[in-house]
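The values are calculated or read from the model by the stated rules, or taken from the named source; none is laboratory data. Since this is a predicted model, take the numbers as computed values, not measurements. Don't worry about glycine lacking a Cβ; one is built from the backbone with ideal geometry, like all the others, and counts go over all protein chains shown.
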Amino acid sequence: MKAYETGFCKRVSKFSPLMFLNSLFYDACSDTTKSMNALAINVKKEYKVEITKQGISERFTENAVKYVQAIIGEALLHQITHSINTGWFELFKRVLIKDSTKFDVSGNLAKQLPGFGGSASKAGVCIQYEFDIKAGQVNDLTITAANRPDSRDTKETINKVEKGDLYLRDLGYSVLSCFRAMQQAGAYFISKLNVGVVVYEKKGDKFVEMDFNKLYQMMTGCKTQRLSRQVYIGGKEKLPVRLVIDIMPETETIKRLKNINAYNKKKGHKTSDNYKSRARFNLFITNIEEGILNDDEITKIYKLRWQVELVFKAWKSIFGIDNNEKMKYERLICLLNARLLLILINWEMFVHKRSELYKKTGKLLSINKCFKTLKEGSKELRHILTNNCNKLIAWIIGTFIFRPQYF
(Lines give C-alpha, C1' and ligand atoms only; values in the text may rest on other atoms or scores of the structure.)
Protein backbone atom coordinates (compact mmCIF):
# COMPACT_ATOMS: atom_id res chain seq x y z
CA MET A 1 0.00 0.00 0.00
CA LYS A 2 2.77 2.45 0.94
CA ALA A 3 4.47 1.78 -2.38
CA TYR A 4 1.40 3.04 -4.28
CA GLU A 5 0.67 5.92 -1.87
CA THR A 6 4.17 7.34 -2.30
CA GLY A 7 4.22 6.86 -6.07
CA PHE A 8 7.07 4.34 -5.88
CA CYS A 9 4.93 1.69 -7.54
CA LYS A 10 2.59 2.79 -10.34
CA ARG A 11 2.07 -0.52 -12.10
CA VAL A 12 2.79 -4.20 -11.59
CA SER A 13 6.46 -5.00 -12.10
CA LYS A 14 8.50 -8.20 -11.96
CA PHE A 15 10.77 -6.36 -9.50
CA SER A 16 8.20 -5.75 -6.77
CA PRO A 17 8.42 -3.30 -3.83
CA LEU A 18 8.99 -6.31 -1.55
CA MET A 19 11.99 -7.36 -3.64
CA PHE A 20 13.28 -3.80 -3.50
CA LEU A 21 13.03 -3.84 0.31
CA ASN A 22 14.71 -7.23 0.46
CA SER A 23 17.59 -5.85 -1.62
CA LEU A 24 17.91 -2.89 0.74
CA PHE A 25 17.97 -5.16 3.80
CA TYR A 26 20.49 -7.42 2.05
CA ASP A 27 22.75 -4.40 1.62
CA ALA A 28 22.00 -3.01 5.10
CA CYS A 29 22.92 -6.29 6.83
CA SER A 30 26.29 -6.44 5.12
CA ASP A 31 29.53 -5.12 6.65
CA THR A 32 30.44 -3.62 3.27
CA THR A 33 28.31 -1.87 0.64
CA LYS A 34 26.98 -4.32 -1.93
CA SER A 35 27.48 -3.60 -5.61
CA MET A 36 24.49 -3.24 -7.90
CA ASN A 37 25.57 -6.47 -9.59
CA ALA A 38 25.51 -8.25 -6.21
CA LEU A 39 21.99 -6.94 -5.59
CA ALA A 40 20.85 -8.23 -9.00
CA ILE A 41 22.37 -11.66 -8.31
CA ASN A 42 20.60 -11.77 -4.93
CA VAL A 43 17.22 -11.01 -6.54
CA LYS A 44 17.71 -13.83 -9.04
CA LYS A 45 18.82 -16.24 -6.30
CA GLU A 46 15.90 -15.52 -3.95
CA TYR A 47 13.05 -14.75 -6.36
CA LYS A 48 14.13 -16.29 -9.69
CA VAL A 49 13.68 -12.86 -11.27
CA GLU A 50 16.12 -11.54 -13.86
CA ILE A 51 17.01 -7.87 -13.45
CA THR A 52 20.09 -5.93 -14.49
CA LYS A 53 22.17 -3.81 -12.16
CA GLN A 54 21.03 -0.81 -14.21
CA GLY A 55 17.43 -1.83 -13.63
CA ILE A 56 17.94 -1.83 -9.87
CA SER A 57 19.83 1.47 -9.98
CA GLU A 58 16.92 3.11 -11.79
CA ARG A 59 14.57 2.15 -8.93
CA PHE A 60 16.44 4.45 -6.52
CA THR A 61 14.36 7.57 -7.10
CA GLU A 62 12.81 10.35 -5.05
CA ASN A 63 9.68 8.21 -4.71
CA ALA A 64 11.77 5.29 -3.48
CA VAL A 65 13.06 7.55 -0.72
CA LYS A 66 9.47 8.52 0.18
CA TYR A 67 8.49 4.83 0.20
CA VAL A 68 11.23 3.77 2.64
CA GLN A 69 10.66 6.85 4.82
CA ALA A 70 6.95 6.02 4.94
CA ILE A 71 7.79 2.55 6.27
CA ILE A 72 10.03 4.09 8.94
CA GLY A 73 7.18 6.43 9.89
CA GLU A 74 4.78 3.51 10.12
CA ALA A 75 7.22 1.58 12.32
CA LEU A 76 7.59 4.57 14.64
CA LEU A 77 3.82 4.99 14.81
CA HIS A 78 3.10 1.38 15.79
CA GLN A 79 5.82 0.79 18.35
CA ILE A 80 4.98 -1.27 21.39
CA THR A 81 6.05 0.58 24.54
CA HIS A 82 7.64 -1.10 27.54
CA SER A 83 7.94 1.15 30.57
CA ILE A 84 10.54 0.72 33.30
CA ASN A 85 9.14 2.14 36.51
CA THR A 86 11.90 3.88 38.47
CA GLY A 87 9.63 5.99 40.67
CA TRP A 88 10.43 9.49 39.44
CA PHE A 89 9.31 8.53 35.93
CA GLU A 90 5.75 8.79 37.17
CA LEU A 91 6.21 12.54 37.64
CA PHE A 92 6.34 13.05 33.86
CA LYS A 93 4.26 12.10 30.84
CA ARG A 94 7.32 11.34 28.71
CA VAL A 95 11.07 11.53 29.38
CA LEU A 96 12.66 12.53 26.08
CA ILE A 97 16.35 12.43 25.24
CA LYS A 98 17.51 13.87 21.94
CA ASP A 99 20.90 13.97 20.30
CA SER A 100 22.43 13.67 16.85
CA THR A 101 25.23 11.71 15.27
CA LYS A 102 27.17 12.90 12.23
CA PHE A 103 29.47 11.16 9.77
CA ASP A 104 31.10 11.84 6.42
CA VAL A 105 29.83 10.51 3.09
CA SER A 106 31.25 10.62 -0.41
CA GLY A 107 32.07 14.11 -1.71
CA ASN A 108 29.87 13.60 -4.78
CA LEU A 109 26.88 14.32 -2.50
CA ALA A 110 28.11 17.75 -1.35
CA LYS A 111 25.19 19.50 -3.08
CA GLN A 112 22.44 17.41 -1.44
CA LEU A 113 24.25 16.74 1.87
CA PRO A 114 26.74 19.55 2.50
CA GLY A 115 29.35 18.90 5.18
CA PHE A 116 31.31 21.39 7.23
CA GLY A 117 33.83 22.25 4.49
CA GLY A 118 37.43 23.29 5.16
CA SER A 119 39.59 20.37 6.25
CA ALA A 120 36.43 18.34 6.99
CA SER A 121 34.52 16.33 4.41
CA LYS A 122 32.62 18.19 1.71
CA ALA A 123 29.58 16.00 2.36
CA GLY A 124 28.10 14.56 5.53
CA VAL A 125 24.99 13.15 7.15
CA CYS A 126 23.31 14.03 10.44
CA ILE A 127 20.77 11.71 12.07
CA GLN A 128 18.49 13.28 14.66
CA TYR A 129 17.53 10.68 17.25
CA GLU A 130 14.99 11.16 20.02
CA PHE A 131 13.58 8.50 22.31
CA ASP A 132 11.33 8.34 25.34
CA ILE A 133 13.29 6.42 27.97
CA LYS A 134 10.17 6.05 30.11
CA ALA A 135 8.30 4.11 27.44
CA GLY A 136 11.29 2.82 25.46
CA GLN A 137 9.87 4.42 22.32
CA VAL A 138 11.79 6.10 19.51
CA ASN A 139 10.14 9.40 18.54
CA ASP A 140 12.40 10.70 15.81
CA LEU A 141 14.82 9.27 13.24
CA THR A 142 15.41 12.09 10.77
CA ILE A 143 18.25 12.20 8.25
CA THR A 144 19.55 15.66 7.32
CA ALA A 145 22.71 17.31 6.00
CA ALA A 146 25.64 17.43 8.45
CA ASN A 147 25.77 21.23 8.42
CA ARG A 148 22.25 21.56 9.86
CA PRO A 149 22.77 22.68 13.49
CA ASP A 150 21.00 20.98 16.39
CA SER A 151 19.69 24.37 17.51
CA ARG A 152 17.74 24.62 14.27
CA ASP A 153 16.19 21.23 14.94
CA THR A 154 15.09 22.50 18.37
CA LYS A 155 13.36 25.50 16.84
CA GLU A 156 11.69 23.50 14.08
CA THR A 157 10.31 20.80 16.42
CA ILE A 158 9.28 22.95 19.40
CA ASN A 159 5.62 22.62 18.37
CA LYS A 160 5.78 18.91 19.32
CA VAL A 161 6.29 19.70 23.02
CA GLU A 162 3.49 18.34 25.23
CA LYS A 163 2.38 19.24 28.72
CA GLY A 164 4.05 17.08 31.37
CA ASP A 165 7.04 16.10 29.20
CA LEU A 166 10.60 16.16 30.52
CA TYR A 167 13.31 17.03 27.97
CA LEU A 168 16.97 16.16 28.55
CA ARG A 169 19.08 18.27 26.19
CA ASP A 170 22.75 18.72 25.33
CA LEU A 171 24.36 22.11 24.67
CA GLY A 172 23.75 21.90 20.94
CA TYR A 173 19.99 22.08 21.52
CA SER A 174 20.20 24.93 24.02
CA VAL A 175 17.91 27.70 22.75
CA LEU A 176 16.51 30.08 25.37
CA SER A 177 13.37 30.88 23.40
CA CYS A 178 12.61 27.15 23.19
CA PHE A 179 13.14 26.66 26.93
CA ARG A 180 10.65 29.47 27.45
CA ALA A 181 8.20 27.77 25.08
CA MET A 182 8.56 24.51 27.03
CA GLN A 183 7.70 26.30 30.26
CA GLN A 184 4.68 27.95 28.67
CA ALA A 185 3.51 24.56 27.38
CA GLY A 186 3.70 23.06 30.88
CA ALA A 187 6.74 20.89 30.05
CA TYR A 188 10.03 20.49 31.92
CA PHE A 189 13.68 20.48 30.88
CA ILE A 190 17.16 19.66 32.19
CA SER A 191 20.04 20.97 30.13
CA LYS A 192 23.69 21.91 30.36
CA LEU A 193 24.17 25.69 30.46
CA ASN A 194 25.92 27.17 27.46
CA VAL A 195 29.11 29.02 28.47
CA GLY A 196 28.07 32.04 26.41
CA VAL A 197 24.85 32.57 28.36
CA VAL A 198 25.07 35.23 31.07
CA VAL A 199 23.75 34.27 34.52
CA TYR A 200 22.11 36.84 36.82
CA GLU A 201 20.91 36.80 40.39
CA LYS A 202 18.20 39.17 41.51
CA LYS A 203 19.10 41.38 44.45
CA GLY A 204 16.22 43.63 45.30
CA ASP A 205 15.04 45.18 42.04
CA LYS A 206 18.39 44.74 40.29
CA PHE A 207 19.88 41.92 38.23
CA VAL A 208 23.52 41.26 39.22
CA GLU A 209 25.76 39.02 37.12
CA MET A 210 26.86 35.92 39.01
CA ASP A 211 30.55 35.90 40.02
CA PHE A 212 31.71 32.32 39.51
CA ASN A 213 35.13 32.98 41.07
CA LYS A 214 33.51 34.06 44.35
CA LEU A 215 31.08 31.16 44.10
CA TYR A 216 33.97 28.69 43.78
CA GLN A 217 35.76 30.18 46.78
CA MET A 218 32.59 30.02 48.86
CA MET A 219 31.81 26.40 47.92
CA THR A 220 35.35 25.13 48.49
CA GLY A 221 35.59 27.09 51.74
CA CYS A 222 32.37 25.48 52.98
CA LYS A 223 33.36 22.11 51.46
CA THR A 224 30.17 22.12 49.39
CA GLN A 225 30.24 19.91 46.29
CA ARG A 226 26.83 20.77 44.88
CA LEU A 227 24.13 23.39 45.35
CA SER A 228 21.40 25.17 43.40
CA ARG A 229 20.32 28.78 42.99
CA GLN A 230 17.32 30.50 41.48
CA VAL A 231 18.80 32.64 38.69
CA TYR A 232 17.93 34.45 35.47
CA ILE A 233 19.66 33.72 32.17
CA GLY A 234 19.83 35.53 28.85
CA GLY A 235 19.94 39.12 27.73
CA LYS A 236 16.95 41.43 27.44
CA GLU A 237 14.22 38.89 28.20
CA LYS A 238 15.75 37.01 31.12
CA LEU A 239 14.50 33.48 31.72
CA PRO A 240 14.04 32.38 35.36
CA VAL A 241 15.57 28.94 35.95
CA ARG A 242 17.02 26.80 38.69
CA LEU A 243 20.79 26.51 38.27
CA VAL A 244 22.34 23.32 39.69
CA ILE A 245 26.05 23.92 40.30
CA ASP A 246 28.42 20.97 40.56
CA ILE A 247 32.18 21.41 41.20
CA MET A 248 34.34 19.47 38.74
CA PRO A 249 37.31 17.39 39.96
CA GLU A 250 40.54 19.36 39.53
CA THR A 251 41.89 16.85 37.01
CA GLU A 252 38.79 17.29 34.84
CA THR A 253 39.03 21.09 35.04
CA ILE A 254 42.66 20.98 33.88
CA LYS A 255 41.73 18.65 31.03
CA ARG A 256 38.83 20.88 29.97
CA LEU A 257 41.00 24.01 29.95
CA LYS A 258 43.78 22.23 28.07
CA ASN A 259 41.37 21.20 25.32
CA ILE A 260 39.77 24.65 24.95
CA ASN A 261 43.16 26.39 24.99
CA ALA A 262 44.42 24.12 22.21
CA TYR A 263 41.24 24.75 20.18
CA ASN A 264 41.40 28.53 20.65
CA LYS A 265 45.09 28.63 19.78
CA LYS A 266 44.35 26.82 16.53
CA LYS A 267 41.61 29.35 15.74
CA GLY A 268 43.72 32.32 16.77
CA HIS A 269 41.59 33.11 19.83
CA LYS A 270 42.32 33.51 23.52
CA THR A 271 40.41 31.69 26.23
CA SER A 272 38.29 34.22 28.13
CA ASP A 273 38.50 34.74 31.88
CA ASN A 274 34.76 34.05 32.04
CA TYR A 275 35.25 30.59 30.51
CA LYS A 276 38.14 29.84 32.88
CA SER A 277 36.04 30.70 35.94
CA ARG A 278 33.10 28.61 34.74
CA ALA A 279 35.29 25.68 33.66
CA ARG A 280 35.48 24.57 37.29
CA PHE A 281 31.79 23.66 37.26
CA ASN A 282 29.21 21.47 35.61
CA LEU A 283 26.22 23.79 35.28
CA PHE A 284 22.70 22.47 34.72
CA ILE A 285 19.54 24.49 34.18
CA THR A 286 16.04 23.23 34.86
CA ASN A 287 12.54 24.48 35.60
CA ILE A 288 11.83 21.60 37.99
CA GLU A 289 11.31 22.81 41.55
CA GLU A 290 13.58 21.46 44.29
CA GLY A 291 10.54 20.10 46.12
CA ILE A 292 9.93 17.76 43.17
CA LEU A 293 13.52 16.65 42.45
CA ASN A 294 16.54 17.58 44.56
CA ASP A 295 19.98 18.59 43.22
CA ASP A 296 21.42 15.07 43.34
CA GLU A 297 18.43 13.68 41.44
CA ILE A 298 18.74 16.37 38.74
CA THR A 299 22.38 15.51 38.02
CA LYS A 300 21.71 11.75 38.07
CA ILE A 301 18.75 12.08 35.70
CA TYR A 302 20.78 14.21 33.27
CA LYS A 303 23.41 11.45 33.10
CA LEU A 304 20.77 9.24 31.49
CA ARG A 305 21.38 11.35 28.38
CA TRP A 306 24.66 9.48 27.94
CA GLN A 307 22.66 6.39 27.03
CA VAL A 308 22.25 7.90 23.59
CA GLU A 309 26.05 7.90 23.17
CA LEU A 310 26.01 4.13 23.72
CA VAL A 311 23.26 3.82 21.12
CA PHE A 312 25.29 5.80 18.56
CA LYS A 313 28.35 3.68 19.33
CA ALA A 314 26.32 0.54 18.61
CA TRP A 315 24.99 2.04 15.37
CA LYS A 316 28.51 2.66 14.11
CA SER A 317 30.64 -0.13 15.57
CA ILE A 318 28.05 -2.92 15.28
CA PHE A 319 25.58 -1.94 12.55
CA GLY A 320 28.03 0.11 10.46
CA ILE A 321 25.59 2.98 9.88
CA ASP A 322 28.52 5.21 8.81
CA ASN A 323 30.11 2.63 6.50
CA ASN A 324 29.05 3.86 3.06
CA GLU A 325 30.82 3.92 -0.29
CA LYS A 326 30.28 6.31 -3.17
CA MET A 327 26.71 6.15 -4.50
CA LYS A 328 23.85 8.32 -5.71
CA TYR A 329 21.91 10.37 -3.17
CA GLU A 330 18.62 8.47 -3.39
CA ARG A 331 20.32 5.13 -2.85
CA LEU A 332 22.24 6.41 0.20
CA ILE A 333 19.09 7.76 1.86
CA CYS A 334 17.22 4.52 1.16
CA LEU A 335 20.12 2.46 2.53
CA LEU A 336 20.46 4.57 5.67
CA ASN A 337 16.72 4.32 6.30
CA ALA A 338 16.85 0.54 5.81
CA ARG A 339 19.65 0.29 8.38
CA LEU A 340 17.69 2.50 10.75
CA LEU A 341 14.61 0.33 10.26
CA LEU A 342 16.57 -2.80 11.19
CA ILE A 343 18.04 -0.97 14.18
CA LEU A 344 14.56 0.22 15.19
CA ILE A 345 13.17 -3.32 15.11
CA ASN A 346 16.14 -4.58 17.12
CA TRP A 347 15.74 -1.66 19.55
CA GLU A 348 12.11 -2.60 20.18
CA MET A 349 13.12 -6.13 21.06
CA PHE A 350 15.93 -4.81 23.24
CA VAL A 351 13.70 -2.51 25.31
CA HIS A 352 11.12 -5.28 25.66
CA LYS A 353 13.70 -7.65 27.14
CA ARG A 354 15.28 -4.82 29.14
CA SER A 355 11.93 -4.04 30.76
CA GLU A 356 11.19 -7.70 31.44
CA LEU A 357 14.54 -8.43 33.08
CA TYR A 358 14.63 -5.14 34.98
CA LYS A 359 11.35 -6.02 36.66
CA LYS A 360 12.70 -9.47 37.57
CA THR A 361 16.27 -8.63 38.58
CA GLY A 362 16.57 -4.84 38.93
CA LYS A 363 19.44 -4.91 36.40
CA LEU A 364 19.65 -3.35 32.93
CA LEU A 365 20.82 -5.03 29.77
CA SER A 366 24.10 -3.94 28.20
CA ILE A 367 23.22 -2.09 24.99
CA ASN A 368 26.50 -2.98 23.29
CA LYS A 369 26.56 -6.69 24.16
CA CYS A 370 22.89 -7.20 23.39
CA PHE A 371 23.07 -5.41 20.03
CA LYS A 372 26.00 -7.60 18.94
CA THR A 373 23.78 -10.65 19.32
CA LEU A 374 20.94 -8.94 17.50
CA LYS A 375 23.24 -7.99 14.61
CA GLU A 376 24.20 -11.64 14.22
CA GLY A 377 20.54 -12.46 13.68
CA SER A 378 19.84 -9.61 11.25
CA LYS A 379 20.26 -11.76 8.14
CA GLU A 380 17.64 -14.19 9.39
CA LEU A 381 15.44 -11.25 10.39
CA ARG A 382 15.67 -9.91 6.81
CA HIS A 383 14.25 -13.14 5.40
CA ILE A 384 11.48 -13.21 7.98
CA LEU A 385 10.42 -9.62 7.29
CA THR A 386 10.30 -10.08 3.53
CA ASN A 387 9.03 -13.67 3.34
CA ASN A 388 7.16 -15.00 6.34
CA CYS A 389 6.44 -12.70 9.27
CA ASN A 390 4.67 -15.60 11.02
CA LYS A 391 8.11 -16.81 12.08
CA LEU A 392 8.95 -13.50 13.76
CA ILE A 393 7.73 -14.52 17.24
CA ALA A 394 9.77 -17.73 17.17
CA TRP A 395 12.85 -15.78 16.05
CA ILE A 396 12.44 -13.26 18.90
CA ILE A 397 12.10 -16.04 21.48
CA GLY A 398 15.13 -17.86 20.09
CA THR A 399 17.22 -14.71 20.03
CA PHE A 400 16.33 -13.59 23.53
CA ILE A 401 16.92 -16.73 25.53
CA PHE A 402 18.23 -15.33 28.84
CA ARG A 403 21.97 -14.64 28.60
CA PRO A 404 23.84 -13.38 31.69
CA GLN A 405 26.55 -11.80 29.52
CA TYR A 406 24.09 -9.06 28.53
CA PHE A 407 24.61 -7.34 31.88
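The table for this structure:
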read-out: Residue in the range 166-175 that is free of Cβ contacts under 8 Å to residues at least 40 places away in the same chain, of a type in the set (Val, Ile, Thr), crowded, with 16+ Cβ neighbours inside 10 Å and more than 26 Å from Leu91 (Cα to Cα) present; value: no
read-out: Subset of the range 93-113 that is more than 20 Å from the chain's Cα centre (by Cα) and of a type outside the set (D, E, K, R) - its residue that is surrounded by the most Cβ atoms within 10 Å (Cβ to Cβ); value: Leu109
read-out: Test for Lys45: is it under 28 Å from Ser317 (Cα atoms) and basic (Lys, Arg); value: no
read-out: Residues satisfying the stated conditions in the range 291-319, i.e. in the same structural domain as Thr220 (by TED's automatic domain parsing), assigned to a loop (DSSP other than H, G, I, E, B) and surrounded by 20 or more Cβ atoms within 10 Å (Cβ to Cβ); value: Leu293
read-out: Qualifying residue in the range 168-178 (condition: modelled with pLDDT under 95, touching a Ser or Thr at 6+ places or on another chain (Cβ under 9 Å) and over 24 Å from Ile298 (Cα atoms)); value: no
read-out: Given (1) of a type in the set (D, E, K, R); (2) assigned to a helix (DSSP H, G or I); (3) surrounded by fewer than 16 Cβ atoms within 10 Å (Cβ to Cβ), index of the condition Lys163 fails; value: (2)
read-out: The one condition in (1) surrounded by fewer than 18 Cβ atoms within 10 Å (Cβ to Cβ); (2) part of a strand (DSSP E or B); (3) of a type in the set (A, V, I, L, M, F, W, C) that Ala181 fails to fulfil; value: (2)
read-out: Residues of the range 289-323 satisfying the condition of being at pLDDT below 90 and under 16 Å from Lys34 (Cβ atoms); value: Phe319, Gly320, Asn323
read-out: Subset of the range 23-52 [in contact with an Asp or Glu (Cβ under 7 Å, 6 or more places away or on another chain) and either within 24 Å of Lys375 (Cα to Cα) or modelled with pLDDT under 90 (or both)]; value: Thr33, Lys34, Leu39
read-out: Check on Lys14, farther than 27 Å from Lys316 by Cα and of a type in the set (D, E, K, R); value: yes
read-out: Criterion violated by Ile401 - all others in (1) assigned to a loop (DSSP other than H, G, I, E, B); (2) more than 20 Å from Ala135 (Cβ to Cβ); (3) modelled with pLDDT of 70 or more satisfied; value: (3)
